[in-house]
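A short worksheet on the structure shown next.
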Amino acid sequence: MIFYELTKLYEELVKQGKIGAPGWMNEKVSYGILLGRDGSVRQLLSLKDEKGKAGKVRVPEHPARTSGVLAFFLWDNAGYLLGVDGGGKPEKAMERFGASRKKHLEILEEVHTEAAEAVKNFFQNWDPGKAPEHEVLKPELEELLKGANLVFYYEGESVMEDSGIKEAWEAYRNREKDGETGICLVTGKRERIARLHPLIKGVWGAQSSGAALVSFNAKAFCSYEMEDGGNAQTGERAARAYGAALNYLLSDSERVYRAGDVTVVGWAKEGKAAYQDLLMAFLNQEDTIRDADVQAALKKLCRGETVEWKEQELRPDNAFYILGLSPNAARLSVRFFLKNEFGKWLANLQEHENRLEIILPAFVKKPYLPIWIILDEMKAPGGKDKLPTLTAALLRSVLMNSRYPEELLFCTLRRIRADHDLNWKRAAILKAYLYKNSTSDKNKEGCSVGLNTETDHQAYLLGRLFSLLENVQLESAKGKDYRKESGKDPLNVTIKDHYLNSMCSTPALVFAQLMKLEGSHMKKLKRDNTGRAITLDQQIMEIIGRLEAPIPRRFGPEEQAVFMLGYYHQTQERYGQKKCEQKEEEA
């Protein structure tokens, strides 16, 4: 299914001229070697873009290069085309140059155009030993030795534009070769089966030289005495096609989404880039996604209406595919492959964003929670955990609008207990999880955006009570001049640091101790600020009056999440009141 859809995409991209025709592909090339008629190197042409990066050039396609010597036709690195190498192995460089020389002279043997003669003369006359001191190559030698790719030019044009050379390449590519034939699982036709599948580049964490989606390097992976690619019968044309299409998608970093160890690409059936742009902007939560015209377009698409976007018509019912890949040694793992209508993808993402909505602290300027930030909240400070299982499961649940993975709840609670930090991001994650996953209507009562004063859920009430008890402690520590404070908490350590974990999981064990501490703090607060003490005491008594006896001995994970939300909501209410009081004083 994946290869079939990528092969169809390849055909669309070829029609649009965005990717090379069969037998050709786009590769990153840094320099062009301008040849004279006699094969001499006249000039080194820079093919880099304005940012100094290698430009994309249409070149003859090539099979995957592994550990052996394999020369490419008309383009390659300096080791193959010039016989120089920065690895301190000149004999290896000579072997590579010899392979390249043999291949070019073989393919161009019967071609007598001027461009072909220039290339043949180059390989017949070039002395690799003199390359490091060549006046044309010397200024760029350092970069050439690092692996920069080169192509041949003649009279200002790439030799690949020469008709005779193109015909020779087509003849060489299509000539009969020994190889196993079979029914291609992608096209359903009998053709030569690909022994090695193409290398895929651009997957975060994978080998920079590329990794294979399909490979067999041990007998344990083979069946029915098949060898290599025979275990997954894919025709050579289909293998080249899916590899070229996937490499094209991954080469555009602005249209690739990364979260954890998962690299995500998406494409529309017709290959229109505007679909990718809109989806990736939504996934990344870019600032542009908040623009009024973008929001209007999103709402229309979610409602099933066609819109104009970047001078392209976007249809909500258009098929859109999403592929998630992760590195796995020298191979790639498919974490998920999903298909849906484009409008439904956007609607699913909008539902996820709505579930994350929660009351925010005043200092938050960008209340965006893309998936990579959610995953960061699961990690210890400075930690390098990749959370591979959670990453893929979370991405899939968000895209499909299905239940969140249970690991999301456990990881969030674990980090709150470890850090004693219930920030707005973690509170939003808990709220979204309960809203989507909980089967208890009672637990969902804590899933409000702000403080819910109506619910009698015991965990939520105890969370609110814990926040009020912390507030009493803070207010009592301010003393008589509490109104002159800048708004910062006067204590570095509060009951939250000592009792949050126990109160949210086993409240009955610490409830009496907390009420005893509250009595001491309230006594001091009444002495310093009677009015404030009465207000807080009334709020505490109102909540205690709604608690059921006995206090619960233990809370499960979902109830712990409800407790955290009760604490968070009440705390934000406290800070909101503090802000109002400060404004009244200024007035």
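The values are calculated or read from the model by the stated rules, or taken from the named source; none is laboratory data. Computed from a predicted structure; not experimentally measured. Cβ: placed from backbone, ideal geometry, glycine included. Neighbour counts: every protein chain shown. Quick note on the areas: whole protein, heavy atoms, side chains included, nothing else; ligands and nucleic acids left out. Shrake-Rupley method; radii C 1.70, N 1.55, O 1.52, S 1.80 Å.
Quick check: residue separation of Ala362 and Glu110 times 0.36 nm, minus the Cα distance between them. What number comes out in nm?
Working: separation 252, 0.36 × 252 = 90.72 nm, distance 7.62 nm.
The Ala362-Glu110 span can extend by a further 83.1 nm.
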If we sort 425-431, 184-190, 112-118 on the protection proxy, mean other Cβ atoms within 10 Å, highest first, what's the order?
425-431, 112-118, 184-190
Estimated inter-spin distance, Glu270 and Leu45, nm [label 7 Å along Cα→Cβ]
3.5
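Applying 1/(1 + (r/R0)^6) with R0 = 22 Å to the Cβ-Cβ distance of Ile2 and Ser253, what FRET efficiency is obtained, to the nearest 0.05? The partial results should precede the final answer.
Values: r = 21 Å, r/R0 = 0.98.
Once rounded, the FRET efficiency stands at 0.55.
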Expressed as a percent, the accessible surface of region 2-50 that is carbon or sulfur, using a 1.4 Å probe and the full set of protein chains, is 48
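Counting only protein heavy atoms, what percent of the accessible surface of region 311-370 is carbon or sulfur at a 1.4 Å probe?
Values: 1230 of 2720 Å².
Carbon plus sulfur share of accessible area: 45 percent.
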Separation of the Asp291 and Glu311 label points, Cα + 7 Å toward Cβ, nm:
1.5
If each of Asp537 and Arg403 carries a label point 7 Å out from its Cα toward its Cβ, how far apart are those two points in nm?
4.8
Per-residue ³J(HN,Hα) for region 116-126, Karplus 6.51 cos²θ - 1.76 cosθ + 1.60, θ = phi - 60°, Hz, x for Gly and Pro
5, 5, 4, 5, 5, 5, 4, 5, 7, 10, 6
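Measuring with a 1.4 Å probe in the full set of protein chains, what accessible area per residue, in whole Å², belongs to the chain?
Values: 28570 Å² over 587 residues.
On a per-residue basis, 49 Å².
Beyond a 27 Å Cα-Cα separation, which of these cross-linked pairs lie in this structure: Lys478/Lys516; Lys344/Lys444; Lys15/Lys51; Lys8/Lys189; Lys444/Lys526; Lys189/Lys344?
On the way: Lys478/Lys516 20 Å; Lys344/Lys444 25 Å; Lys15/Lys51 29 Å; Lys8/Lys189 15 Å; Lys444/Lys526 37 Å; Lys189/Lys344 34 Å.
Among Lys478/Lys516; Lys344/Lys444; Lys15/Lys51; Lys8/Lys189; Lys444/Lys526; Lys189/Lys344, the Cα-Cα distance tops 27 Å for Lys15/Lys51; Lys444/Lys526; Lys189/Lys344.
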Using a 1.4 angstrom probe on heavy atoms only, work out the carbon and sulfur share of the accessible area of region 523-566 in %.
52
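Subtract the Cα-Cα distance of Arg195 and Leu509 from 0.36 nm times their separation in residues, and report this length gain in nm to one decimal. Don't jump to the answer; show the numbers that get you there.
Details: separation 314, 0.36 × 314 = 113.04 nm, distance 6.61 nm.
Additional length available on full extension: 106.4 nm.
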Could you pull the accessible area for Lys166 with a 1.4 Å probe, rounded to 10 Å²?
70
Let's test the formula: R0 of 60 Å, r as the Cβ-Cβ distance of Val69 and Glu454. What FRET efficiency results, to the nearest 0.05?
0.20
Out-of-range pairs (alpha-carbon distance over 29 Å; input Lys272/Lys436; Lys201/Lys272; Lys431/Lys496; Lys48/Lys272; Lys18/Lys425; Lys48/Lys366):
Lys272/Lys436; Lys18/Lys425; Lys48/Lys366
Averaging sequence separations of C-alpha pairs under 8 Å and six or more residues apart, then dividing by the length of the chain, give the relative contact order as a whole percent.
10
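What is the extension gain from Thr181 to Ser163, computed as 0.36 nm multiplied by their sequence separation minus the C-alpha to C-alpha distance, in nm to one decimal?
Computed gain between Thr181 and Ser163 is 3.4 nm.
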Just report the Cα centroid separation between region 65-101 and region 1-63, whole Å.
19
Helix 557-586 sits at what angle to the longest principal axis of the chain, using alpha carbons and giving 0 to 90 degrees rounded to 10?
70
